[in-house]
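A quick write-up on the structure given underneath.
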Amino acid sequence: MCSFREEDMAETKNRDNRNKLSSLFQRINGREAPAILRREASRLITTVKPKDIAQAERDLVDIGFTVQLARQLSATFMMMGLLEKKDHIRTILPANHILHLVLVEHDMLRIFVAELKDLANTIVHLDSLSNVSSEFCKLTHVTSHLHAMKEHFDRENDVIFPFLRKLGWSNLCDTEYDDHEFITLAINDLIKLIGSFDDLKLETFKSRLITITGCFCPTMSEHITREDMLLYPIAFEAIKDPGVWKKMKSICDDIGYCGTHI
């Protein structure tokens, strides 16, 4: 009898958490005062489980929210809670920790994204451009660095995400994985554009360049920020066993996802 009562109490608590989450997600969407939302997110994030968050997302979809918006609101909630809760993990990670390597790569990728954006804005105002122009050579160079991030994505997709999925964070991993797919396509489009430079009119090249970078640069910046401020702080909190992190690093070393091209 006691076990049934305990199960009922646990189910009631889970349902209450999901209701609170769904309500808070909708308030975040309603642009309520950020300070109030952050305080509530900070309190709530310590009591909910991954399955509660996943169910709250489904509840929003059931009442008409798109899957994408539900995931965005969920991510915003978790970022609010984590930002209010403690300092960023990069201040406490050992230098040889796999997450430290990932975060350092993110910093380098930010530089390449900023350079790409500046180059595109410069090229679009040029009256002439050749395949030996300094601007074109810089564009090719930056693009080659961005293309090398495949190793970075492989490390996340094939090594880190599977461990997080086992702990119930599949939805969050799915969001980042989808970003990886989109970003990879955008980089491939950029490579194809550069490869077809000699066959295109300058205005056509500039137009396509701005179209690609105008979508890629903000998407990439938001993606990196979300992983830095949300995914990896959650991973660091969720995976407590140092042996698991050592195993992940060993797998990364064996596969060769060293990011040496970046």
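The values are calculated or read from the model by the stated rules, or taken from the named source; none is laboratory data. Treat the numbers as computed from the prediction; the structure is a model and nothing was measured. All Cβ positions, glycine included, derive from the backbone under ideal geometry; neighbour counts span all protein chains shown.
Some points to look at:
- Residue within the range 183-197 that is surrounded by 13 or more Cβ atoms within 10 Å (Cβ to Cβ) and either within 17 Å of residue 99 (Cα to Cα) or among the polar types (S, T, N, Q) (or both) present: yes
- Positions within the range 41-67 being small (Gly, Ala, Ser), outside any loop (DSSP other than H, G, I, E, B) and more than 13 Å from residue 24 (Cα to Cα), in sequence order: 54
- Matching residues in the range 129-149 - criterion: being assigned to a helix (DSSP H, G or I), over 12 Å from residue 194 (Cα atoms) and without any contact (Cβ under 8 Å) to a residue 12 or more places away in the chain: 134
- Looking across the range 51-85 at every residue that is within 20 Å of the chain's Cα centre (by Cα) and among the polar types (S, T, N, Q), the one that is modelled with the highest pLDDT is identified as 66.
- If you go through the range 153-208 and keep only what is modelled with pLDDT under 90 and small (Gly, Ala, Ser), you end up with 168, 170.
- A residue that is polar (S, T, N, Q) and surrounded by 12 or more Cβ atoms within 10 Å (Cβ to Cβ) occurs nowhere in the range 94-114.
- So residue 27, is it surrounded by 12 or more Cβ atoms within 10 Å (Cβ to Cβ), at pLDDT 90 or above and not assigned by TED's automatic domain parsing to the domain that holds residue 168: yes
- Across the range 234-250, a minimum of one residue is classified as under 14 Å from the mean Cα position of the chain (by Cα) and either closer than 16 Å to residue 106 by Cβ or surrounded by 13 or more Cβ atoms within 10 Å (Cβ to Cβ) (or both).
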